[in-house]
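Trainee: The structure under discussion is supplied below as structure tokens; questions concerning it will follow.
The values are calculated or read from the model by the stated rules, or taken from the named source; none is laboratory data. Remember, it's a predicted structure, so these values are computed and weren't measured experimentally. When we count neighbours, we look across all protein chains shown, and the Cβ atoms used for this are built from the backbone with ideal geometry, even at glycine.
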Amino acid sequence: MSETSQATEARTFSPPEQLAAHANVGPEIYDEAAADRLAFWAKAARRLTWTQEWDEVLDWSNPPFAKWFAGGKLNVAYNCVDRHVEDGHGDQVAYHWEGEPGDTRTITYAQLKDEVCKAANALTELGVRAGDRVAIYMPMIPEAVIAMLACARIGAVHMVVFGGFSADALASRLDDSGAVLVITADGGYRRGAPSALKPAVDDAVGRSSGVRNVLVVKRTEQDVEWTEGRDLWWDDVVGRQSTEHEPESFDAEHPLYIMYTSGTTAKPKGILHTSGGYLTQVSFTHWASFDLKADDDVFWTAADVGWVTGHSYIVYGPLSNRATSVMYEGTPETPHRGRWFELIQKYGVTILYTAPTVIRTFMKWGEDIPAGFDLTTLRVLGSVGEPINPEAWLWYHKNIGGGRCPIVDTWWQTETGGHMINPLPGVTTLVPGSAQAPFPGISAKVVDDEGNELGDDSTGLLVITDPWPSMLRTIWGDDQRYVDTYWSRFAEKGFYFAGDGAKKDADGNIWLLGRVDDVMNVSGHRISTTEVESSLVAHPAVAEAAVVGASDPTTGQGIVAFVILRGSAEQQGEGASGDDLVQTLRNHVARDIGPIAKPRQIMVVQELPKTRSGKIMRRLLRDIAENRELGDVTTLTDSSVMNMIKEKLPAAP
Ligand code: WTA
């Protein structure tokens, strides 16, 4: 987000009158939350069905290890499914699912309940017990949601791995989480063709000691390798189960899921979320941030269930609120670039939630495409994953929202579980490009390096000053890393350090400025520079690697790598076949981590700029990658290194 683009957009947008008049929450919600934060969250928790009331809203006696609603008991799946059926809404559609090839499934709450009960019975038959970890590696098909809810129902901890991740990534997650079962599919449809999933599972499970069974959903009907005794077809095992299953109540702090996310080291962190607090905040934010009306809205989070956005706003938020959702398997350009708009028109979508990178792609494709479809059902738009630049905001507002829909820009993280900073559609006068204000009941501040709160019109670091219900509880198996990563930077003040830079404008609006650590944000996905560097140096041709995120007009950031080759590979890198080697390395990373981590550009260099203490100066490499004048080079051991690199390089695109 450049300073110029902020400066040129002075327009603000007040809430549409109709929407404000009937909104789920009005301006008083901020006062209510400020008056008594814990009472406010307790009231939000009462929107759920508990089998036992909690003793205490928040137990913060052992910070930073929080307990929310301790002593309370509930079943998360019951809250998402059964209670709506019991309330007479069994015939309401939970999901309008659309496959990429155009096949469809309509799933009502009553049908979802039957399927979740069958899957829960199947998991129990396979020996899965409360507390066991179950890996889910699936395409965007209803069984992914059913599998998650079946785990929640029996108290098993799901660990969804995005289907675009590699066998290696899956293997390390199976290992770290100690998963006993993997639920997968033969494949899914992507960009017009079936894409296999089972081979990666075979590879990963072959290296893992703990996985007893692999449960396989048939989706693409492609041939799969089969390990007798270990592999089971979903249809066989789940298909024959009873639709009766008595949900057991679990403690509010019972683990619900682990989701791995990139940190500043090569080893991904298993973020642990628990039950009562997570569901409370996700459910309440989904209802308030999007003004969700269960009887009227058709809600669509266009994201993958393999990311936290999918967990919170395709599965747990919408289902707990009895929403009717759209779920789509494929990519926006298949079979044509109007696919999303066609789906909005077909299902009468009223609320659309997606990422700025997609909006910028639509901008590139041109406004004629959305103009060819009826998008008049839309009433609220959402944005998530990275800062939305004012240009993209305005384009989204005009060309998709028809100038009438508020855009709710939601800042949050895998770690925060649910929305943390965002405007409210019936309340806030919108400032394009700014996430604006903490959600009611959330205490976020912009501080300086010492943790002192900054006034308006200043730039610093974003912190959360008080615990919140859907906060991560720890990093799986590594309490110390949890403390070090999030709570050590401002240990004295007891603040949670989010890792994001932020600015407060003259009116007190919060603008998120991206990561201040070595985490890149590519198309709204977090990728660690270290993870890509480790992958590169694992290749026999590479001696050393430095990776930076360079700003990219479509993906937010693009991955740019600087590599020093090993002696033997050096000639190749210099010579005519250098392009081949670069291609090989790019593909190597894509295979190693996943296609989303494939570097946009790899530059072969002789040296890397280092400080006297040996730290690579990524800032300077970023200057090069973004084609900028070099910043301060005085701390370099050898300032001529930068000139050497610059002279050798092709101009950055
Ligand atoms: C960034 C995705 C600006 C931020 C839900 C954060 C954002 C990281 C926004 C978390 C936003 C997410 N504006 N930046 N609206 N939303 N981010 O864990 O840097 O995949 O720390 O969670 O994405 O990414 P994660």
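Trainee: Assuming TYR257 fulfils every condition listed in (1) more than 12 Å from the ligand (Cβ to nearest atom); (2) of a type outside the set (S, T, N, Q); (3) in contact (Cβ under 8 Å) with a residue 60 or more places away in the chain; (4) part of a loop (DSSP other than H, G, I, E, B) apart from one, which condition is it?
Mentor: Only one criterion is unmet by TYR257, namely (4).
Trainee: Mind checking which residues of segment 467-515 are aliphatic (A, V, I, L, M) and closer than 22 Å to ARG37 by Cβ? First the steps, then the outcome.
Mentor: Filtering segment 467-515 for residues aliphatic (A, V, I, L, M) gives 471-472, 475, 483, 491, 498, 502, 506, 510, 512-513.
Answer for segment 467-515, where residues must be aliphatic (A, V, I, L, M) and closer than 22 Å to ARG37 by Cβ: MET471, LEU472, ALA498, ALA502, ILE510.
Trainee: Search segment 509-528 for residues that are near the ligand (Cβ under 9 Å from one of its atoms) and pair each with any residue that is among the charged types (D, E, K, R) and modelled with pLDDT under 85 when their beta-carbon atoms are under 7 Å apart and the residues are at least 6 apart or on different chains.
Mentor: Filtered contacts from segment 509-528: VAL519/ARG526; ASN521/ARG515.
Trainee: Any residue in segment 430-446 that is free of Cβ contacts under 8 Å to residues at least 60 places away in the same chain, within 16 Å of the ligand (Cβ to nearest atom) and surrounded by fewer than 23 Cβ atoms within 10 Å (Cβ to Cβ)?
Mentor: The answer is yes, given that some residue of segment 430-446 is free of Cβ contacts under 8 Å to residues at least 60 places away in the same chain, within 16 Å of the ligand (Cβ to nearest atom) and surrounded by fewer than 23 Cβ atoms within 10 Å (Cβ to Cβ).
Trainee: If you go through segment 617-634, how many residues are modelled with pLDDT of 75 or more, surrounded by 15 or more Cβ atoms within 10 Å (Cβ to Cβ) and not small (Gly, Ala, Ser)?
Mentor: Result for segment 617-634: 8.
Trainee: Determine whether MET420 is out of contact with any Leu (no Cβ under 8 Å at 6 or more places or on another chain) and within 11 Å of the ligand (Cβ to nearest atom).
Mentor: On the way: out of contact with any Leu (no Cβ under 8 Å at 6 or more places or on another chain): yes; within 11 Å of the ligand (Cβ to nearest atom): yes.
So MET420 passes the test.
Trainee: May I pose another question? Looking at segment 273-306 only, could you name the residues that are in a loop (DSSP other than H, G, I, E, B) and farther than 22 Å from TRP97 by Cα?
Mentor: Here is the first cut: in segment 273-306, the ones in a loop (DSSP other than H, G, I, E, B) are 275, 290-297, 302-306.
Passing the criteria: SER275, ASP291.
Trainee: Let me ask you something else. Go through segment 1-39 and give me each residue that's among the basic types (Lys, Arg) and either modelled with pLDDT under 90 or closer than 30 Å to ASP295 by Cα (or both). Talk me through it step by step, then tell me what you get.
Mentor: The initial filter retains those residues of segment 1-39 that are among the basic types (Lys, Arg), namely 11, 37.
Hit for segment 1-39 is ARG37, nothing else.
Trainee: Take the residues in segment 384-417 that are more than 7 Å from the ligand (Cβ to nearest atom) and of a type in the set (Val, Ile, Thr), then tell me which one is nearest to THR261 (Cα to Cα).
Mentor: Quick first cut of segment 384-417, residues more than 7 Å from the ligand (Cβ to nearest atom) only: 389-408, 416-417.
Still in the list and also of a type in the set (Val, Ile, Thr): 400, 407-408, 416.
On the way: ILE400: 31, ILE407: 27, VAL408: 24, THR416: 12 Å.
Step by step, filter segment 384-417, then rank; the result is THR416.
Trainee: Which is over 14 Å from PRO139 (Cα atoms), of a type in the set (Val, Ile, Thr) and in a helix (DSSP H, G or I), of VAL211, VAL205, VAL224?
Mentor: Details: VAL211 fails: in a helix (DSSP H, G or I); VAL224 fails: in a helix (DSSP H, G or I).
So the residue among VAL211, VAL205, VAL224 that is over 14 Å from PRO139 (Cα atoms), of a type in the set (Val, Ile, Thr) and in a helix (DSSP H, G or I) is VAL205.
Trainee: In segment 232-250, what count of residues is obtained for those that are touching a strand residue (DSSP E or B) at 6+ places or on another chain (Cβ under 6 Å), in a strand (DSSP E or B) and within 26 Å of SER275 (Cα to Cα)? Can you show your working first?
Mentor: Pass one, segment 232-250, residues touching a strand residue (DSSP E or B) at 6+ places or on another chain (Cβ under 6 Å): 232-234, 249.
Imposing the further condition that a residue be in a strand (DSSP E or B) reduces the set to 232-233.
Imposing the further condition that a residue be within 26 Å of SER275 (Cα to Cα) reduces the set to none.
Within segment 232-250, residues that are touching a strand residue (DSSP E or B) at 6+ places or on another chain (Cβ under 6 Å), in a strand (DSSP E or B) and within 26 Å of SER275 (Cα to Cα) number 0.
Trainee: A further question follows. I'm checking my understanding of the structure. Among residues of segment 235-278 that are of a type in the set (A, V, I, L, M) and under 19 Å from the mean Cα position of the chain (by Cα), which one is modelled with the lowest pLDDT?
Mentor: This residue is ALA266.
Yes/no per residue for (1) closer than 25 Å to TRP300 by Cβ; (2) in contact with a Pro (Cβ under 9 Å, 6 or more places away or on another chain); (3) not hydrophobic (A, V, I, L, M, F, W, C):
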| position | (1), (2), (3) |
| --- | --- |
| GLN111 | yes, no, yes |
| GLY155 | no, yes, yes |
| MET159 | no, no, no |
| ALA169 | no, yes, no |
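Trainee: Which of the residues spanning segment 180-199 are surrounded by 21 or more Cβ atoms within 10 Å (Cβ to Cβ) and either basic (Lys, Arg) or not in a loop (DSSP other than H, G, I, E, B) (or both)?
Mentor: LEU181, VAL182, ILE183, THR184, ALA185, GLY187, GLY188, TYR189, LYS198
So that you can scan it fast, the table gives a plain yes or no per residue for (1) more than 28 Å from PRO194 (Cα to Cα); (2) touching a residue at least 40 places away in the same chain (Cβ under 8 Å); (3) not basic (Lys, Arg):
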residue	(1), (2), (3)
LEU343	no, yes, yes
THR350	yes, yes, yes
PRO356	no, yes, yes
GLU367	yes, no, yes
PRO370	no, no, yes
GLN413	yes, yes, yes
